[in-house]
Amino acid sequence: MKILVINAGSSSLKYQLINMEDESVIAKGNCDRIGIDGHIKHTTFDGRVIDTDCTFPTHTEAFEKLVEVLTTGEGKVIDSMSEISAVGHRIVQGAEIFSKTTLVTDEVIQQIDDLSELAPVHNHPHALALRACKKVIPETTPQVVVFDTAFHQTMPEKAFMFGMPYECYEKYHVRKYGFHGTSHRFVTQALAEALGKPLSELKIVSCHLGNGSSITAVDGGKSVDTSMGFTPLDGVIMGTRSGCVDPSAVTFIENKKHLSPSEMSDYLNKKSGFLGISGISSDNRDITAAAQHGDKKAQLAGEMLRYEIKKYIGSYAAVMNGLDAVLFTGGIGENSDDLRADVCRDMEFFGIKLDEAANAGLRGKLQRISAPDSKVEVWVVPTNEELLIARDTRDLVGNL
Ligand code: AMP
């Protein structure tokens, strides 16, 4: 069985074709600059690469090009699209409507589009891509949607509500939704397998740290709290996102700098975080290099992230009344051994003791990094959201 996984943005269409027999990637790539001009980079399992400019006025032309490179020419990996059993799409916001992976119908696409107000950057482009995909793939090929928010729908009300007037929730659906759900679900399952224990018996703090970062308390396989909120802006400091700030600071700066609400939103989403604090870069590697060269603001940015992660681990251990494991994933979590060491330092109170040698130099590999006598297991668990989407898609269409 072959599954095509799609992650569509407003100007890009990332894809992976996965062979579910052995979960290997047959081909992957990105159609980007949609609506601007167009470009595709396509790589096959055996190393063939297509890297060329195209014309993509809309997502439909990008899908047409994707079909072309998969089925013809230099990058061909299948004879026809009918070889693909189903298409799985990543969707950012499913709100309270979608608490699980769902088969696509016209009504579902409309519901995803209707949620655009809650995720303007993501949901409308997702709906455009779903409609374009429907036009281009065979009518008989099912499409499935997997939501970033769905995993967090198990959070209790006391965790997802904000202390604002209740009408904000009732009338405007303002609450904590949480994001990165596919990643947190994938890595916590993978960790349970690695530990040889049922997920239902584990209390895990899952730290997904990348350009965007979120930390989730997973109790018995269920998300009970998470750091991202109404949007992916909340929580720890990120590449260009501020993370949690006092809302009064937002209105204060809005007034001081005479910013409109959307300009203020840009300020917090695109000019803050590592970039805003350091003035150097949003990228953890650049920040680490500058910090090592003595740049005080880069050092501060790194220290802020480490401090905030520690606070989440502590508060989530309290919320779950226990802690079996902490895991690190995402570009920073999987690769930055110095950050992992700093976060786990001085955590003996929580029963966390790092194996410095196991941690040092470890990049992108599933491995325990806690000492044998650590009460809490600490692991690096590489994430694979595309594979989880493919598995979910297979499971859903397999039951049709
Ligand atoms: P992601 O959004 O998950 O792709 O993660 C991107 C972040 O991971 C960026 O801030 C990168 O600097 C960081 N990153 C990637 N590779 C490394 C590495 N080898 N060491 C430290 N940070 C890294």
Worksheet entry | Scan of region 369-388 for residues that are more than 16 Å from the ligand (Cβ to nearest atom), surrounded by 19 or more Cβ atoms within 10 Å (Cβ to Cβ) and either charged (D, E, K, R) or in contact (Cβ under 8 Å) with a residue 60 or more places away in the chain (or both), ordered by number | Glu377, Trp379
Worksheet, complete the sentence: Among residues of region 327-356 being assigned to a helix (DSSP H, G or I) and of a type in the set (A, V, I, L, M, F, W, C), the residue farthest from the ligand (Cβ to nearest atom) is Phe349
Item to complete: Give, as residue ranges, the strands (runs of 3 or more DSSP E) completely inside region 1-50 that count at least 1 residues that are among the basic types (Lys, Arg) and closer than 29 Å to Pro120 by Cβ.
Response: 12-19, 24-32, 39-44
Worksheet item: Which members of region 249-270 meet the condition of being surrounded by 13 or more Cβ atoms within 10 Å (Cβ to Cβ), more than 16 Å from the ligand (Cβ to nearest atom) and under 19 Å from Gly235 (Cβ atoms)?
Response: Val250, Met264, Ser265, Asp266, Tyr267, Leu268
Discussion item. So for region 225-235 (the condition being assigned to a loop (DSSP other than H, G, I, E, B), in contact with a Leu (Cβ under 7 Å, 6 or more places away or on another chain) and either more than 16 Å from the ligand (Cβ to nearest atom) or modelled with pLDDT of 95 or more (or both)), does at least one residue qualify?
Written reply: yes
Item to complete: Would you check if Arg185 is closer than 24 Å to Gly331 by Cα and of a type in the set (Lys, Arg)?
Response: yes
Worksheet entry | Number of the exception - Lys197 against (1) under 15 Å from the mean Cα position of the chain (by Cα); (2) basic (Lys, Arg); (3) more than 14 Å from the ligand (Cβ to nearest atom) | (1)
Worksheet item: From the residues in region 200-224 that are among the β-branched types (Val, Ile, Thr) and away from the ligand (no atom under 16 Å from the Cβ), which one is surrounded by the fewest Cβ atoms within 10 Å (Cβ to Cβ)?
Response: Val224
Worksheet item: Do you know which of the residues in region 281-309 that are in a helix (DSSP H, G or I) and charged (D, E, K, R) is farthest from the ligand (Cβ to nearest atom)?
Response: Lys296
Worksheet item: Which of (1) more than 30 Å from Ala86 (Cβ to Cβ); (2) touching a Gly at 6+ places or on another chain (Cβ under 8 Å); (3) among the small types (Gly, Ala, Ser) is the odd one out, the single condition Ala358 does not satisfy?
Response: (2)
Worksheet item: Can we say Ala119 is at pLDDT below 95 and touching a His at 6+ places or on another chain (Cβ under 9 Å)?
Response: yes
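The values are calculated or read from the model by the stated rules, or taken from the named source; none is laboratory data. Here the structure is a predicted model, which means the values were calculated and not measured. Methodologically, a virtual Cβ is constructed for each residue, glycine included, from the backbone with ideal geometry; neighbour enumeration extends over all protein chains shown.
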